[in-house]
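Bear in mind that the values in this text are calculations on the coordinates, not laboratory data. Please read all numbers here as calculations on a predicted model, not as lab measurements. When we count neighbours, we look across all protein chains shown, and the Cβ atoms used for this are built from the backbone with ideal geometry, even at glycine.
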Amino acid sequence: MYKAFQPFFLVAEAPIHAGSGSEAGIVDLPIQRERHTGFPKIEGSGIKGCVREAFANSSKQVEIQGQKIKFSDRAYINLVFGPEKTGDEHAGSIAFTDARVFFFPVKSLKGVFAWVTCPLVLARFMEDIRRVEGRDFSWTANIDNLENTISTETQLIVVDNRIVLEEFTFEVTRSKDVDEVAKSLADIIFPADPIYDFWREKFKKDIVVLKDDDFKSFVTTSTEVITRTKIDSETGTVANSALWMEEYLPQDTILYSIAMATHLRAEDSKKGILKNDTPKGEAENVIEFFKQGVPEVLHIGGNQTIGKGIVRINMM
């Protein structure tokens, strides 16, 4: 039973290829998707592995209950994330939900691009936050009335309350409810650093709440599909059978996940500074270990050596 939680946002600073393996379709290497909705996602196991790797390579120290250790301490990594060898005496004490797509960037005729979402995605987010925090999220907007709505301060309108996303035209309504949603999220998705002022303001103006089916169409057809080749070093031409297509979540995609912690599953003598008199206290120490140690920028997915998978993390 999980006793402590930490929601966090992931913003793609570069295209992300969280692959689902090869397929026989047009795209050889597609991204991970939910089976029933087709919405993109990143498996929780992939997030956990990337976070664990970041901790193992960290030189920083954590301070809990007045005591300090290095994040890279192998004993604590095994304690929190689980032993590397299968069959060892205990499991890890932290887990991650699949990262769900929250706002998806789509090319716009005005304003360069917009972030689109839909009532289904917003309802899921509200349900997830209520489950882990025991309270409703801060906005009072009725999401059932938000289809085809946009901020009152939008810069996306082309003419007569119409916007153009990709090659599609949508008639939208300016809504103060969208303003409330955007303002309540902007400050927790983007860091307080002044360098992100532009992005916070753009987010407040340029989110669009579409119908569920329209949102599904964009996240299905507007991902990046890249053709890659391997060049034979001898001939200088494409190697035999070395042409393939990869799918990516585009840069500026916004997702969210939740870190969930339970009590430490090892013997008391091995718990070190994370030990607490109560299971909830230990779970909270694990979450604190995660919050202090996770880097602001993380690599997720494949093709890291060609500049892909760079993700910025911001705690809620």
Quick calc of log₁₀ I(q)/I(0), the range 7-64, Debye, one scatterer on every Cα, no solvent, q values 0.13, 0.24, 0.27, 0.31 1/Å, result -0.49, -1.17, -1.29, -1.33
Which three extents, in whole angstrom, do the alpha-carbon atoms of the range 190-316 cover along their principal axes, largest first? 65, 46, 34
Kirkwood Rh and Cα Rg combined as Rg/Rh, the range 175-255: 1.22
Gain on full stretching of the segment that runs from Ser184 to Glu201 - 0.36 nm per residue minus C-alpha separation: 4.9 nm
Please check which bits of the range 159-175 a label hung off Val112 would reach, taking the label as a point 7 Å along Cα-to-C-beta and the cut-off as backbone N under 18 Å. 164-166
Hydrodynamic radius by Kirkwood, which averages 1/r over all alpha carbon pairs of the range 99-189, in angstrom: 14.0 Å
If you place +1 on the Cβ of every Lys and Arg and -1 on the Cβ of every Asp and Glu, how big does the dipole about the Cα centre of the range 3-150 come out, in debye to the nearest 20? 280 debye
Between Glu234 and Ile26, what is the FRET efficiency for a Förster distance of 35 Å, r being their Cβ-Cβ separation, to the nearest 0.05? 0.70
Output the pairs from Lys3/Lys291; Lys70/Lys291; Lys202/Lys291 with a Cα-Cα distance over 18 Å in this structure; if there are none, say none. Lys202/Lys291
Acute angle (nearest 10 degrees) that the helix 119-133 long axis makes with the longest principal axis of the chain, alpha-carbon atoms: 20 degrees
Here the gain from full extension of Ile306 to Ser59, 0.36 nm per residue of separation minus their alpha-carbon distance, amounts to 86.4 nm
For Ala239, list long-range residues whose amide hydrogen, built 1.01 Å from N in the peptide plane, is under 5 Å from its own amide hydrogen. Lys230, Ile231, Asp232
Relative contact order as a percentage, the chain, C-alpha pairs under 8 Å and 6+ apart, gives 34 percent
What fraction of the Cα pairs in the range 137-204, stated in percent, has a spacing above 19 angstrom? 41 percent
Given a Förster radius of 30 Å and the C-beta distance between Met126 and Ser45 as r, what FRET efficiency does 1/(1 + (r/R0)^6) yield to the nearest 0.05? 0.75
In nm, the gap between the two label points placed 7 Å beyond Cα toward Cβ at Gln155 and Ala242 is 4.4 nm
